[in-house]
Each structure stands twice: as structure tokens, then as C-alpha cells.
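Data block below; observations after.
Just so it is clear, none of the values below were taken in a lab; they were calculated from the coordinates. All figures in this text were calculated on a predicted structure; none of them were measured in a lab. Note: ideal-geometry Cβ built from the backbone for every residue, glycine included; neighbour counts use all protein chains shown.
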Protein chains: 2
Amino acid sequence: MTTPANSRTADAAPAASRQILALNAFDAARPSDLPPETAALVARRQRSFGPTSVLFYDRPLHVVSADGVWLQEADGKRYLDVYNNVPSVGHCNPRVAAAVAKQVATLNIHTRYLYDVVHTYAERLLATFPEGLDKVAFTCTGSESNDLALRIATAATGKRGFVVTEMAYHGNTTAVTDVSPSSRPGQPLAPHVRAIPAPFGPGDVAGRFAADLEAAIADLEASGHGFAGLLVDTIFSSDGVAADPAGFLAPAVEATRRAGGLFIADEVQPGFGRTGAAMWGFQRHSVTPDVVTMGKPMGNGIPIGGVVARLDLMQRFAASVGYFNTFGGNPVASAAALAVLQEIEERGLVANAADVGGYMLARLKALGQRHGEIGEARGAGLYLGVEFVADGAPAPEIASYVINALRGRRILIGAAGRYGNVLKIRPPLIFERAHADMLVEALDDALASR
Amino acid sequence: MTTPANSRTADAAPAASRQILALNAFDAARPSDLPPETAALVARRQRSFGPTSVLFYDRPLHVVSADGVWLQEADGKRYLDVYNNVPSVGHCNPRVAAAVAKQVATLNIHTRYLYDVVHTYAERLLATFPEGLDKVAFTCTGSESNDLALRIATAATGKRGFVVTEMAYHGNTTAVTDVSPSSRPGQPLAPHVRAIPAPFGPGDVAGRFAADLEAAIADLEASGHGFAGLLVDTIFSSDGVAADPAGFLAPAVEATRRAGGLFIADEVQPGFGRTGAAMWGFQRHSVTPDVVTMGKPMGNGIPIGGVVARLDLMQRFAASVGYFNTFGGNPVASAAALAVLQEIEERGLVANAADVGGYMLARLKALGQRHGEIGEARGAGLYLGVEFVADGAPAPEIASYVINALRGRRILIGAAGRYGNVLKIRPPLIFERAHADMLVEALDDALASR
């Protein structure tokens, strides 16, 4: 079932990321009965970071340790983590921790000298890509990766126009904020950017997405900016999770190439096995990108990101500017990332994402039969979305209630989507069916108690 | 003595970073007799990174471990590190390594929950700043820090024009590359950027720098971009190290404020005690910036950067866009950075930089009396520059010879400056007088053997 929240004919509401955060943000102005230790930390935080720094929850979490899928508070309470996609092989994964501890005591330097671990990692990483996508540049963050990808596309095409989705979030640099409408609520798009509705149903999702893209390309061409590329998160996380039908990206990728642009797959969220179908989100759609960007889970929390592209694209960019990243791919980051890749492969975490994610999605859909507030449960692998509606309209207030009600039941979760009404489920990839049961049952209970 | 290399009347040569790198870069096309293991690593590197990826030295270094001021190659050879400013409290510093090992096994999460170490670090860091500079935002790199600083200045002033120095390097994002002329060799400056000569002598350095700035500001105002701020590395690293006379920045900062712009001090290179005078490079000049950016040595190689600014500036920026950095200030990065700060403070590394740097500078100046190739030795603390000249003109070929000759003598060093003729000396801050002796004597020997 699809709701007006995802209808492409809905009014072009101002992007809502701030609203979404506000749903779930601590507000120092509100009366509160925080424990003294937590209140003291909040005060320290505001003194150093300023009052605009966003904390999650009415009652912020004071965490002291984490392990697997669990975060632990100072008072000993444990929380099931359904929010954090960075520690994808588990919080404080022992193999990653050991690799980091060993490397940081042995060697940590930039990549203008030779050392082994970065090349072993680069080769293992590139082996997960389709033929042709065989060169990598390491960065420190997904933001830096997307920033570099934009320039690779501009150098290759000589154009600077990009098409993204309406609630896209691709990172925090100046250039990447321009292509992240969700970071610019209420502001007009940058002149060289066009935003199209994310590919939600019903009907011919693939055809509509490609048609919207072609209209945006024509508009960019007419504006004089020209078309450098299509940049999408292949699971459309911040748009509210769009996954089906698998393959819907193919006509858009064809349209991109016909227009001379590059297809940049932002795999910061779906990559490294999260969708359960394959290592990379684009593989679910049977397309091959020109450029792939990655970040978040790559080092399980040690900052590392990367851009993978064809040699010709890397060379064209290098001829114009060149790129060096002091920390990018350094031995500690590479060692952490290699351990992550080994964990994903040896522990079968892609298959686990498919199994546990499929199981959880089925249970969430069944829950939707009993709770009318659930408009739709959707997604792929361990990136799922549960959309809340009331009287046929998006219901962010229910998402907000659920986020806080689940916190009360010791489960951490967040929301996404244009209206902030989509619960986003993206736990560490080591999530088990028993954890899925806890979430589904707590959600059932929370909705019943509303 | 000053040479034409630093004369502001010299022709506006194309920025020369690529040339500088080329001085010191491995060239796969050149015949070589690399050991088989090194040759194999070079081949692996080119397969994964592409042929445009830059390696230092005719005979690239294959490093396997590091300790203090020493890097060790696979064959057991040890090299004195006079190049790397990131591991400023020493390669594989035990306190940093222990802090990282402990934290990565305990908790590593983003800053939207509360945890202690980030606040302890933020408070200790902010305590090193003058009054008023009392809010910090954490990033992962110096590039991300400067990217954010540019937006803070634009939000505060409503303008987008920046003034930088002719060979400035401030980082690798799209926006920061625009204000990094050294990254754009042979290309025109971005329309909103003006580059002025770095503040080198002889004569009234301060007055000339301020006058050049005022002319650039007037030009930005006339162009319609307006003036958002002056962005400088307070030791002018990539311009070739400009340090004297201390205080020369003050008139430029006054001119900046008169014109309604912000003064952004890029402390990525001079910060954290390197100049020997104080914790921050701007303090040598008795000025207080509006915004300070930091990176490289902050976590001794664990990626962390930061922006420090006044509350009003942070708030004005947050009102327009907001900023969140997933890995910025995470517990592992904070723990590493806290250990770095403790090492700097408890081991007196600022005073050590002054002592060893002063001693080394005196010896280098004395060397200049005996070797006519040395046009000038200059700098502050443990950021020194040795300028080579031949027949009164910049002599990058001597710098290139020296870099490779010192590598043969097991000392690692690099070059900077508009003509690539300035040896840059920026070892870990734990450098001792005995290490300075090794460098000076090897340099003496190398020049005598030329």
C-alpha cells in the first residue's frame, strides 16, 4: 500500500530534515528531569559545542560502552541498536579493535610511501566490484567521497549540473550540501542542481523515475549548466527508503548515459552488504555505475571513505587538479577497513542481512495488518522503512511518538523521509532474528499503548 | 638575506605545487633498479590507485614500522623523519596508541549521544584559546575544517569573496581547492578568490601585506563578490615558510575587520605548538582570529579536525544550514586527540619546539655562511625553511638534489614555496638537538658532495 506521503503529485514541500531531527531532538528549553550526571554533561556540551548542537531524544542518552548490537548507558541500562549503520560488523567488533590496536602501535602514515595493508585492502575491496570499476581513491568520509565524485564527473563531462532526489542527503561539504536538498530546508536549490521525486510506487516506478530525470536533464541543458551526472543513494535512505521493484534504476541509468552524464552511486548507506542482495546497493538494480562512493560502515567507525571509478575517469580528473588526502587510506584506517571486509565475508553478513531483514520485513508487514497507522513496511535487507499515516496522510507525530516510546523500551531508532514519518531500520549487520523479534514486539506494544 | 624567489615583484608564475611534487616524485616511466619487493608493491599500487597516484622519491620508501622520529623500511633501514608533521607527538606514540586501543574496544559512536571523552577533550582544547574563541565543531580533516570555516564566514558576512596567499594550500574539497592556488597550477583563480603575495621580506612586511590585502578586498568589492574573509596558514607553509617579524599579521587583521570580513587562521600546519612560541601560530602575531581551523597533528594520525569560533558565528551558520559530521569527534578520535594534548602539555613540547627549533635554525644559518646555495634559513620553532638559490635565482634543482641526497643519508624531507626551492623542516615535535645535528651535518655533507 502506498500513501500520499510518497505520491509524486504531492506538493513540493520544503525539505524536512530539520523537522525530522526536531522530532527526535533534545530541547534544552523544555522542562526536564534529567539525572544530575546527564544534566551536567548536557551543560558541558552546550558550553563547548553551543546550543545549536543537536542531541537525540527528549532524554539524551549517556553512553559509556557498546558491544555487538547493544549500547550501554552509565546507569547500566542496555539499548538494542536499530539506528547505527556505522558499526556494521558490531559495536567494538573484536577483530576490528585488535587490528586497530596493533596497527596504531606499529605504523600510521600517509600513502606517499609504500606499505602493505593499504594495497591488500584496496585489492580486496576492488574485487567486490564489477569489471571496469577497478581504481580506488581513499578519503576519510562519505562527504569527502561525494565531493570528489562530483569533481570527477565535472572533469569527465565538462558540465556542472547534477540531478538528485528531493530529500537526498550526500554529505556536509560546501559542494555536497549543494546536492543535498534535505540539508537546505526551505531554501531554493543551487542553480546547477535539479531534484526529482524519489522512485516510490505505485505504478511504473522505473519509467516515471527515468522520465523525471530526463525532464531535469533537459532543464539543466536549457539553463546552460549542462548535465554532469545523476547522483543517488541506491537505497534512497533520506527519501524514506525506496527499494522495489529491484531494477528500477536501470532506465534512469540508460537515460543518464544517453545524455552524456555519469551515474554516481552513493553507497555510503546501502553499501557493504546492507541490502542483503549483494555487496553494493546498485547490484540489486543490475546497473553498473561510473563512479561509486562509500563511507560510514567502511571502517566500523574509524574514519575512512573511498571513491571507486574507471581508470579513464580518474585520469581525466587527475589531469585537471589532482587529489591527495593526508589521512585517506592510512595504515590504521586500512587495517580497520580490511577487518570489516573480512568480517562481512567470513561471517556471511550479506546473507545474514537478507535473512534477518527478510524475516523482519515479513513481521513488520504482518504488524501493518493489525495497526492502521502503518501505511507501508518496505526496504531491502537490513535497511527497512516503516511508514506511518493517519487519515491517509503522512503522520510524523506517530513516528516521533514511536521513536520515544521505543527508547522507553530500550530500543534506539530514527526517522527519515520527506515528512519525517518513516521509521528507518538500519541496525548493525550482525542483527539476529531474535533482535528483530524484540523490535517488532516492542513496536507492536508501543502502537497498542498509544 | 632574501632572494628574488620571495620578492613580491617577481613575475606571477603559475602556481607550482605539481612541479614541487614532481621534484620529489617517483616516475614509473624512468628506468629503475628497485628491489623486487618494492617493485611489486609499486605495481600493485598502480593497479589499484592508477598511475596518477603520487609516490615520494625516485626510489619509493617501503615502510613497515615507525617509532618516535624514526621510520623503518622492510629491509631494516631506519630513516630520521624531518617531513611528517602529523605524528607530532612521535610515530606510534605509546600514550596515543593505548588510548586508541582502549577506546576502540569500549565505545565508538557519533556525537548525538552523550559521552564523556569528547567533552573532556573539547574543554581542554578550548582552554588553549584566547577568550571569546570558546565553541568548537569537530570534523575529520583539515579540509573539512576549512570547508566549514568558509561557510561560517559567508553566513556571517553575507559575502563570498576570500583572500588567500599566492601558493596557499588549505585542503582538498571543491570549495577549499578554490582557495588553494597551489592545487590549481596554471589555472585561473576562481572568480570569488584573490591571491596576494605571502608576507616575505625585505622591508615593511606587515605594511606591504596589509596593503596587498586592501587592494584585493577593493577588487572583490568592485567585482560584486564582496569580502567574506582573509584565510591564511599562519606559518605560510606552502608559500615557503614566512615567520618574521612576529606580529606582521596584525595590520592585515585590522584591515580585514575594517572591511567587515572575518580573519580565519588555518592552524592545520602551525597549530598544536609547532611554532614554539605558543599553542597556536596566530599567537606569535598577537592577533585573535574570528575562526580557527585545525587538523593534521590533532589526533597524531587518527583522523580528526576542528573549527573553533565565537558563539555568534557558529549560531549564524547553524541558522542557515547546520552541520553534522558522523565521525567528527567520535570517542576514538577524541581519545587520540586528548592523549596528544596531554603529551604536548606534560612533556613540554611547545618549549621543546622553541628550543630545538631555535638551535637548529642557528646551525642552519651558520651553514648558510659556508654554502652559497643557501639563500636563507628561516621559520619558527619546528617549522623551518631553507631556501636554495643559484646565481641569485630560485634553485629548485638544488632542493631536489638535497631531498634525494638526504634520502640516501636516511633522512626524509620535502620542499615547498612558489618555486619549490625551499626545504621544509617540520619533524615530530619530540625532535631533539641530536636529531637536529644529524640533519644539519647530513645537509652540510650533501651540499659539499654536490
- Pick from B:D312, B:D290, B:D33: which is most flexible by mean-square fluctuation in a GNM of chain B where alpha carbon atoms under 10 Å apart are linked? B:D33
- Item | Listed residues A:R274, A:R418, A:R45, most fluctuating in chain A (Gaussian network, C-alpha, under 10 Å) | A:R45
- Item | FRET efficiency, A:Q46 to B:A351 (Cβ-Cβ, R0 35 Å, nearest 0.05) | 0.55
- Item | Choice from B:M438, B:M314, B:M167 with maximal GNM fluctuation in chain B (Cα, 10 Å cutoff) | B:M438
- Distance between Cα centroids, the stretch B:208-274 to the stretch A:403-450: provide it in whole Å. 51
- Mind listing P(r) for the protein assembly as shown? All alpha-carbon pairs, 20 Å bins, whole percents. 15, 49, 30, 5, 0
- Using only the Cα atoms of the stretch A:73-162, build the gyration tensor, take square roots of its eigenvalues as a ≥ b ≥ c, and label the shape rounded, prolate or oblate: rounded if a/c is under 1.5, else prolate if a/b is larger than b/c, else oblate. oblate
- Query: Got the B:R258 label distances to the other copies yet, label 7 Å along Cα→Cβ, in nm, shortest first?
  - Reply: 6.1
- Item | Inter-probe distance in nm under a simple model that places probes 7 Å from Cα toward Cβ, at B:D445 and B:R124 | 3.9
- In Å and from the alpha-carbon atoms only, list the Rg and Dmax of the stretch B:94-346. 17.8, 57
- Message: How high is the relative contact order of chain B? Use alpha-carbon pairs under 8 Å, at least six apart in sequence, and give a whole percent.
- Response: 23
- Label points for B:G224 built 7 Å along Cα→Cβ; distances to same position in the other copies, nm, shortest first, come to 1.0
- Message: Under the rule a/c < 1.5 gives rounded, and otherwise a/b versus b/c splits prolate from oblate, where does the stretch A:255-330 land using the Cα gyration tensor?
- Response: oblate
- When you have a sec, figure out the Kirkwood radius of chain A from all distinct Cα pair distances and drop it here in Å to one decimal? 22.4
- Message: Cut-off is 10 Å between beta-carbons; in what order do B:V82, A:V86 appear when sorted fewest neighbours first?
- Response: A:V86, B:V82
- Task: Sort B:H170, B:H371 so the one with the fewest other Cβ atoms within 10 Å of its own Cβ comes first.
- Result: B:H371, B:H170
- Message: Once the label point is set 7 Å along the Cα-to-beta-carbon vector, what list of distances in nm do you get between A:G76 and its counterparts in the other copies?
- Response: 5.6
- Item | Length-normalised contact order of the stretch B:94-346 in % [C-alpha pairs under 8 Å, at least 6 apart] | 31
- At most 13 other Cβ within 10 Å, DSSP loop - GluC sites (Glu not before Pro), the stretch B:126-196: B:E131
- Item | Set A:K102/B:K77; A:K424/B:K135; B:K135/B:K159 screened for pairs whose C-alpha atoms are more than 27 Å apart | A:K424/B:K135
